[in-house]
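Here, each number is a calculation from the coordinates, and none is a lab measurement. This structure is a prediction, so every number in the text was calculated from the model and none was measured. Positions of Cβ are generated from backbone atoms using ideal geometry, with glycine treated the same way; all protein chains shown enter the neighbour counts.
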Amino acid sequence: ANMSRNSAYFTPAPIIDTLWDIAKAMGFKGGNVLEGSAGIGNIIGLMPTEISERSNIHAVEIDSTTGNILSLLYPDAQVDIQGFEKTDIENGSIDLAITNVPFVPGLRVNDTTGDKDLSKKFHDIHDFCIAKNVRKLREGGIGIFITTRGTMDNSTRLREWIVNEGCSDFVGAFRLHKETFGGASATSDIL
């Protein structure tokens, strides 16, 4: 809870609506959905009904208080209350990975699942989370991520990994206003 106090910035509803607009514009109609940093489930809660009715949801939240709220709000979802680095998800099993990845400056994680190579390669937690999400996507799956501007501005290694080893196409990016997440001084992007 103490760590969350300084790093939990919940995604505003208009931004979440934009994420779902992107998913729909890319042709997503339902399937296996992964929310790897779910908080209390705002992204899940604003999922359009026509998508929700055709989806299986897997949500991950590290904070136990927030995760327990998440599991109570979404009893039909598979909720893992643990770090994403401790969550075992089959590669190629996800149709849509949609999340606001954690931005904790200087925080490194050590993956204890089959993705240890990613936690060694990507030292920033947000880059690790994006790479792990991409690895979980099925061929033709869609990844939509809110991340710090550092991913686009500085993370050449991640961008190259996504295209080469991640076997993914990078479709686009949107830079958000630095005040989007009130109280956080970070500029964010939607990838």
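Side notes on the structure shown:
- For LYS29, the aspartates and glutamates whose Cα comes closer than 13 Å to its Cα, not counting residues fewer than 8 places off in the same chain, are ASP21, GLU50, GLU53, ASP95.
- For the pair ASN164 and LYS116 in one chain, pulling the backbone fully straight at 0.36 nm per residue adds 15.4 nm over the alpha carbon distance.
- For Cα extents along the principal axes in Å, computed directly from the structure shown, the correct entry in (1) 39, 37, 35; (2) 52, 36, 26; (3) 163, 24, 22 is (1).
- In segment 59-110, the GluC sites (Glu not before Pro) that fall in loop regions by DSSP, at most 14 other Cβ within 10 Å: GLU90
- Trypsin sites (Lys or Arg not before Pro) within segment 1-92: DSSP coil, no more than 15 neighbouring Cβ in 10 Å: LYS29, ARG54
- Rounded to the nearest whole Hz, the Karplus-based 3J(HN,Hα) values (6.51 cos²θ - 1.76 cosθ + 1.60, θ = phi - 60°) of segment 118-127 follow the sequence 6, 5, 6, 7, 10, 7, 7, 4, 5, 5, with x at glycine and proline.
- Distant-in-sequence amide H partners of ASN32 (H built 1.01 Å from N, under 5 Å): ASN56, ASP95, LEU96
- For the listed peptides 154-166, 40-52, a ranking on the average number of other beta carbons within 10 Å per residue, highest first, reads 40-52, 154-166.
- Rounded to the nearest 5, the antiparallel percentage of DSSP beta bridges internal to the chain is 25%.
- Overall Cα dimensions of segment 38-151, principal axis frame, Å, largest first: 37, 34, 27
- Compactness of segment 90-168, expressed as Rg and Dmax over alpha-carbon positions, Å: 11.6, 33
- Counting only aspartates and glutamates at least 8 places from LYS120 when in the same chain, those with an alpha carbon closer than 12 Å to its own are GLU85, ASP111.
- A cut-off of 5 Å between modelled amide H atoms, ignoring neighbours fewer than 5 places along the same chain, links LEU176 with SER188, ASP189, ILE190.
- Treating each Cα of segment 14-72 as one equal point scatterer and applying the Debye formula with no solvent, the log10 of I(q)/I(0) at q = 0.16, 0.18 Å⁻¹ comes out as -0.49, -0.61.
- Helix-only CD estimate at 222 nm, as mean residue ellipticity for the chain, using -39500 (n - 2.57) per DSSP H run (n ≥ 4): -9500 deg cm²/dmol
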